[in-house]
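Only one structure is covered here, and it is reproduced in the block below.
Throughout, read-outs are computed from the coordinates displayed, never taken from laboratory work. These figures come from a predicted structure and were not determined experimentally. Positions of Cβ are generated from backbone atoms using ideal geometry, with glycine treated the same way; all protein chains shown enter the neighbour counts.
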Amino acid sequence: MSVGGYPQDVMENAFDYGHGPHVHRIHVEQVEDKMLGPVHDVRLLLRSSVIGRLPPLPMHVTHYGLGLFRTEVDLPALRVSVLIWICAVPTAGARMTLRTAITTTIGNHDSPVRRAAAHLVSLAAMPLFFMALSQDAGIWNHHRLVSPPRLAQGDGPIGPFRRWAEQFYPTQPETAPVEDRS
C-alpha cells in the first residue's frame, strides 16, 4: 500500500489515542509505556464503541525505530491471538510504502462453537486490519507535520517519540501530495 507521509507517521499513529473513537470507533486506554532508545513498548486496552458488550481487548504494541511496528491483540475468551507487522518504507519525498503481515493463532478449544467462533475471528482479522489501515492512510495522505505536535487530551507519548525521531528528518519536511481521486 502506497500512502503519503513518513514512516514516523505510522509509529505516531499508535500513540494518537484520541483518534480511536472518531476514526476507528474504539477507545484506547494506556496500561504501560516503556521507551528504551529506538524500541518503544506499549500495552493498551481496546474497547469497542460499536459492540459495547465485548470485554476490553489487550493489545501489545512495539515500535522498532522509525519504520517497524508490531502489534499483538489477544481475544482470551476465544483463545485467539492476532499478530500484525507493519514496515513503513520511505519511497520518494513525502511518500511511503507499507509492507504488512498478519497471522492469527487459535488455541485449543473444548467446544465446536468456540472453535468455529475463533475461526471466524481469524478470517475476519485481515479485512478488519486493512479497513483500519485504510482509514489511517486517508489521514496520512493529507496531514502536515506540526512541531511541536498539537496534542489533544488522551493522546499518548507522541511528543517524546517525535523528539527522538527528529534526528532522522530534514529541518523542512516535504508535504505529502494529495491524491487525485476523480
query: In whole angstrom, and with the biggest value first, how far do the Cα coordinates of segment 34-73 range along each principal axis?
result: 38, 17, 13
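Let me have the relative contact order for segment 2-165, percent, based on Cα pairs under 8 Å that are six or more residues apart.
Values: 275 pairs, mean separation 40.3, N = 164.
Relative contact order comes out at 25 percent.
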- request: Write down the radius of gyration of segment 17-83 and its Dmax, each obtained from C-alpha positions, in Å.
  value: 12.8, 38
field: Charge dipole (debye, nearest 20) of segment 2-165; +1 at Cβ of Lys and Arg, -1 at Cβ of Asp and Glu
entry: 200
message: Can you give me the distance in nm between label points at residue 22 and residue 72, each placed 7 Å from the Cα along the Cα-to-Cβ direction?
response: 3.2
- line: For the chain, the percent of all C-alpha pairs falling in each 10 Å bin, from 0 up to the bin holding the max distance, is 9, 35, 36, 15, 4, 1
- prompt: residue 105 versus residue 62, label points 7 Å from Cα toward the beta carbon: distance in nm?
  reply: 1.2
Positive-pole candidate from 45, 6, 128, dipole of segment 1-155, charges at beta carbon: 128
